[in-house]
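Enquirer: This structure is in structure tokens; I'll ask about it shortly.
The values are calculated or read from the model by the stated rules, or taken from the named source; none is laboratory data. These figures come from a predicted structure and were not determined experimentally. All Cβ positions, glycine included, derive from the backbone under ideal geometry; neighbour counts span all protein chains shown. Calculation scope for accessible area: heavy atoms of the full protein, side chains included, ligands and nucleic acids excluded. Shrake-Rupley method; radii C 1.70, N 1.55, O 1.52, S 1.80 Å.
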Amino acid sequence: MPSILYISCRLYGWMLVLYPPALRSRFASEMADVFEQQIWEAWQCRKYRGVAGVWSRALEELVLIALPARLNPALLRTCAISLLSTMAVFYFVLWGVTPPIHK
């Protein structure tokens, strides 16, 4: 196995930690096997471009599926409320200290 494929499989195995525990405990082995098959086939067909394509799909899945599944909805709500209230306070403070424009 070329070193790029070995390194890719190791990195993907480490990346599986970012998936939700329930999904990881049930499917991590199969996910790693499928990734290894895809990366090997991509290498045989298109070398580095093929490997880059497999990584592109793996990272897209990580961003669109794995990370959102790990986020806590209550935490997201709290962060959104905090951000909006901070923006409102900043606006009113800025509005209160800005002198009126006289013509």
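Enquirer: Taking Trp55 as meeting all but one of (1) in contact (Cβ under 8 Å) with a residue 40 or more places away in the chain; (2) open to solvent by 80 Å² or more (accessible area, probe 1.4 Å), write down the number of the exception.
Expert: Status for Trp55: all satisfied but (2).
Enquirer: Scan the stretch 64-83 and give yes if some residue there is in contact with a Pro (Cβ under 9 Å, 6 or more places away or on another chain) and either under 25 Å from Ile4 (Cβ atoms) or open to solvent by less than 100 Å² (accessible area, probe 1.4 Å) (or both), otherwise no. Outline the logic, then answer.
Expert: Within the stretch 64-83, the subset in contact with a Pro (Cβ under 9 Å, 6 or more places away or on another chain) is 66, 69-70.
Checking which are either under 25 Å from Ile4 (Cβ atoms) or open to solvent by less than 100 Å² (accessible area, probe 1.4 Å) (or both) leaves us with 66, 69.
Yes, some residue in the stretch 64-83 is in contact with a Pro (Cβ under 9 Å, 6 or more places away or on another chain) and either under 25 Å from Ile4 (Cβ atoms) or open to solvent by less than 100 Å² (accessible area, probe 1.4 Å) (or both).
Enquirer: Continuing with this model, one more query. Looking only at the stretch 1-33, how many residues end up being open to solvent by 70 Å² or more (accessible area, probe 1.4 Å), within 25 Å of Ala69 (Cα to Cα) and not basic (Lys, Arg)?
Expert: Summing the residues that are open to solvent by 70 Å² or more (accessible area, probe 1.4 Å), within 25 Å of Ala69 (Cα to Cα) and not basic (Lys, Arg) in the stretch 1-33 gives 11.
Enquirer: Still on this structure, I have one more. Quick check on Tyr48: is it at pLDDT 90 or above and open to solvent by less than 90 Å² (accessible area, probe 1.4 Å)?
Expert: no
Enquirer: If I ask for residues that are more than 18 Å from the chain's Cα centre (by Cα) and either of a type in the set (Lys, Arg) or surrounded by 17 or more Cβ atoms within 10 Å (Cβ to Cβ) (or both), which ones from the stretch 34-45 would you list?
Expert: Glu36, Gln38, Ile39, Trp40, Ala42, Trp43
Enquirer: I'd like to verify a number: residues in the stretch 45-71 that are closer than 20 Å to Leu16 by Cβ and not aliphatic (A, V, I, L, M), how many?
Expert: 8
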